[in-house]
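Peer 1: Before we start, here is the structure in question, set down as structure tokens.
The values are calculated or read from the model by the stated rules, or taken from the named source; none is laboratory data. This structure is a prediction, so every number in the text was calculated from the model and none was measured. Using ideal geometry, Cβ is built from the backbone for each residue, glycine included, and neighbour counts are taken over all protein chains shown. Quick note on the areas: whole protein, heavy atoms, side chains included, nothing else; ligands and nucleic acids left out. Shrake-Rupley method; radii C 1.70, N 1.55, O 1.52, S 1.80 Å.
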Amino acid sequence: MGIVEELKKEFTDRFGGEGDIRVYFAPGRVNLIGEHTDYNGGHVFPCALSMGNYAVARKRDDDMVRWYNMTYPGDGVIERSIRGLEPNDHGIWYDYQLGVIWALEKNGHKVRGGYDMVMKADLPAGSGLSPSASIEELAAVICRDLYDMDISMVDCALMGQYSENEYNGMNCGIMDQFASAMGKKDHAIFLDTASLKYDYVPLNLKAEKIVITNSKVKHSLAGSAYNDRRRESETALEDIKKIKDIKTLGDLTEEEFEEVKDAIKDPVCLKRARHAVYENIRTIKAVEALGKDDLKSFGELMNKSHVSLRDDYEVSCKELDILAEEAWKLEGVIGSRMTGGGFGGCTVSIVKEDKVDAFKESISRIYKERTGIDCEFYIADAADGAGRIG
Ligand code: GLA
């Protein structure tokens, strides 16, 4: 049985099969390059994945929600009123959904009622492929569609980010929600996070595949370290602003940064800012290279991105370093780097199609030898963004 059939059956068993039952999907994302730039006014280059969260839902005529997540059956059916919601930092799947309803209301988008819903993910939890953004965008498109809300998909992304920042206490940037809401099949999104201007860039990979490797680790400091990095970048920006009129670190070229960097007092903040500035420029250069079919340069920039995330931004970890550094040694690997927030999760690699099997064999063997862990691989399939699918 496919996932949609499974969901429909579960929904009928739990909530009855009558009425207008609709089907939705919201993808996860993989970021090809441009990491930890999205809250620094820089560029990112993610694509939506064909993996994500699916839901079937039916409007209710009161303010209650009844939700069941087949991925977390132990949570049972969650029953709540959508009125009087209070932010919390529990980070449970339903908090990401409730947070979006709260965010929509807070921003003047009236959610006129609740809904019954059964959902399920085919996106690995803890993978750093943005399961939370996928759940947020799922909630946004369900509310938008069931209640005919006049809200653009870009605003759905912004509501997801707002809810994560203000309801769930995680100071993320806009990349994940934007990719989930705005993805386009066979394209990556070149997004300027300062202006929210974006271009869809075709991923014309002829003889290569985008391979995601799941380290299967998620170190517990991820949330707090993320907020720390954000603060450190902001401190660096404040120092630079004393001598140069800029709005974000993304405003600086490499040369300009080298000229003003001594204004940053704390050496740790200096490293964070160097990453943010250079990573932004790498992202712009990588997209230019892709436009010229120069995958070699694209791959080299990916590798440099990893080094910078490892040494300057310090958001990598032993497991991600092993995956990326071992990949660099293999024939047919164009580039490889950690992707997402870091401290575990996945790497993304561009690999010659005829070398993908050898890549998987070598990486899984070496990774197991060095960590005792079995990693997992997924071939990324750039997909459309969140919406109703049935
Ligand atoms: C997480 C956040 C994003 C982004 C990345 C790092 O995925 O949710 O906003 O900052 O980390 O690039």
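Peer 1: With a 1.4 Å probe and every protein chain left in place, tell me how much accessible area T248 has, in Å² to the nearest 10.
Peer 2: Number for this one is 30 Å².
Peer 1: Which trypsin sites (Lys or Arg not before Pro) does the range 271-303 hold that lie in a coil by DSSP with at most 11 other beta carbons within 10 Å?
Peer 2: Loop-located and lightly packed - K292.
Peer 1: Suppose every K and R has +1 on its Cβ and every D and E has -1 on its Cβ; what is the size of the dipole of the chain about the Cα centre, in Debye to the nearest 20?
Peer 2: Details: 51 positive and 68 negative charges, 56 e Å.
It comes to approximately 260 debye.
Peer 1: Something else about it: Give me the Kirkwood hydrodynamic radius of the range 172-266 in Å, from all C-alpha pairs, to one decimal place?
Peer 2: Numbers: mean 1/r = 0.0599 Å⁻¹.
Over the range 172-266, the inverse of the mean reciprocal pair distance is 16.7 Å.
Peer 1: Roll a 1.4 Å probe over the protein heavy atoms and report the accessible area of D239 in Å², nearest 10.
Peer 2: The accessible area of D239 comes to roughly 10 Å².
Peer 1: Whole angstrom only: what separates the Cα centroid of the range 223-291 from the Cα centroid of the range 332-363?
Peer 2: 27
Peer 1: Something else about it: Go through the range 135-146 residue by residue and turn each phi into a ³J(HN,Hα) via Karplus (6.51, -1.76, 1.60, θ = phi - 60°); whole Hz please, and just put x for glycine and proline.
Peer 2: 5, 4, 5, 4, 4, 5, 6, 5, 4, 4, 7, 5
Peer 1: All other residues with a Cβ under 14 Å from the Cβ of D148 taken together, and with Lys, Arg as +1 and Asp, Glu as -1, what is their net charge? Numbers along the way, then the final one.
Peer 2: Values: positive: R22, K59, K110, R112, R144, R388; negative: D20, D145, D150.
For residues surrounding D148, the net value is +3.
Peer 1: Moving on. Can you check what the net charge comes to around H90, using other residues whose Cβ is under 14 Å from the Cβ of H90 (Lys, Arg +1; Asp, Glu -1)?
Peer 2: Charge balance near H90 sits at -4.
Peer 1: What are the equivalent ellipsoid semi-axes of the range 223-312, built from the alpha-carbon gyration tensor (square roots of five times its eigenvalues), in whole angstrom, biggest first?
Peer 2: Working from the Cα gyration tensor, I get semi-axes of 25, 16, 10 Å.
Peer 1: Continuing with the same structure: Let a ≥ b ≥ c be the square roots of the eigenvalues of the Cα gyration tensor of the range 293-390; is it rounded (a/c under 1.5), or, if not, prolate (a/b larger than b/c) or oblate?
Peer 2: Rounded is the answer for the range 293-390, as its axis ratio a/c remains below 1.5.
Peer 1: Tell me, what does the Kirkwood hydrodynamic radius of the range 200-248 come to in angstroms if you use every pair of distinct C-alpha atoms?
Peer 2: When all Cα pairs of the range 200-248 are included, the Kirkwood radius is 15.1 Å.
Peer 1: Normalise the Debye intensity by I(0) for the range 70-146, one equal point scatterer per Cα, no solvent, then take log10 at q = 0.23 Å⁻¹ and round to two decimals.
Peer 2: -1.24
Peer 1: Starting with the highest mean, order 47-54, 362-369, 26-33, 303-310 by the number of other Cβ atoms within 10 Å, averaged over the residues of each peptide. Don't jump to the answer; show the numbers that get you there.
Peer 2: Numbers: 47-54: 26.4, 362-369: 15.9, 26-33: 30.9, 303-310: 21.6.
For the peptides 47-54, 362-369, 26-33, 303-310, the packing ranking is 26-33, 47-54, 303-310, 362-369.
Peer 1: Let me ask something additional. Can you tell me the orientation of helix 3-15 relative to the chain, as the angle in degrees between its alpha-carbon axis and the longest Cα principal axis, to the nearest 10?
Peer 2: Roughly 40 degrees, rounded to the nearest 10.
Peer 1: Out of residues 5 or more away from G52 or on other chains, whose amide H comes under 5 Å of its own, with H placed 1.01 Å from N in the peptide plane?
Peer 2: G28, D122, L123
Peer 1: Pick out which of E314, E86, E137 has the largest mean-square fluctuation in a Gaussian network model of the chain, springs linking Cα atoms closer than 10 Å.
Peer 2: Largest GNM mean-square fluctuation: E86.
Peer 1: Just need the Rg to Rh number for the range 1-125, please, alpha carbons only, Kirkwood Rh.
Peer 2: Answer for the range 1-125: 1.01.
Peer 1: Next question, about the same structure. Where does the charge balance sit around E259 when Lys and Arg score +1, Asp and Glu -1, over other residues with C-beta under 15 Å from its C-beta?
Peer 2: -3
Peer 1: Give me the percent of accessible area attributable to carbon and sulfur for the chain, probe 1.4 angstrom.
Peer 2: 47
Peer 1: Work out, in µm²/s and without decimals, the Stokes-Einstein translational diffusion coefficient of the range 27-71 at 10 °C, 1.306 mPa s, Rh from Kirkwood over C-alpha pairs. Don't jump to the answer; show the numbers that get you there.
Peer 2: Numbers: Rh = 13.9 Å.
Diffusion coefficient, whole number: 115 µm²/s.
Peer 1: For the pair E6 and Y72, what calculated FRET efficiency results from E = 1/(1 + (r/R0)^6), where r is the Cβ-Cβ distance and R0 = 22 Å, to the nearest 0.05?
Peer 2: The formula returns an efficiency of 0.90 here.
Peer 1: Based on the inverse mean of 1/r over its pairs of different Cα atoms, what is the Kirkwood hydrodynamic radius of the chain, in Å?
Peer 2: Final number for the Kirkwood radius of the chain is 21.4 Å.
Peer 1: Starting from the amide H of F377, placed 1.01 Å from N in the peptide plane, find each other amide H under 5 Å away whose residue is 5 or more places distant or on another chain.
Peer 2: Amide H to amide H, under 5 Å and 5 or more residues apart or across chains, F377 pairs with N214.
Peer 1: So, one more: With every protein chain present, what is the per residue accessible area of the chain (1.4 Å probe, Å²)?
Peer 2: Per residue, the chain has an accessible area of 40 Å².
Peer 1: Let me ask you something else. Please report the orientation-averaged projected area of the range 103-216, defined via the convex hull of its C-alpha atoms, in nm².
Peer 2: Answer in nm², one decimal: 8.8.
Peer 1: Moving on. Please tell me which of these pairs span more than 28 angstrom C-alpha to C-alpha: K185/K285; K218/K242; K241/K271; K9/K218; K216/K265?
Peer 2: The answer is K218/K242; K9/K218; K216/K265.
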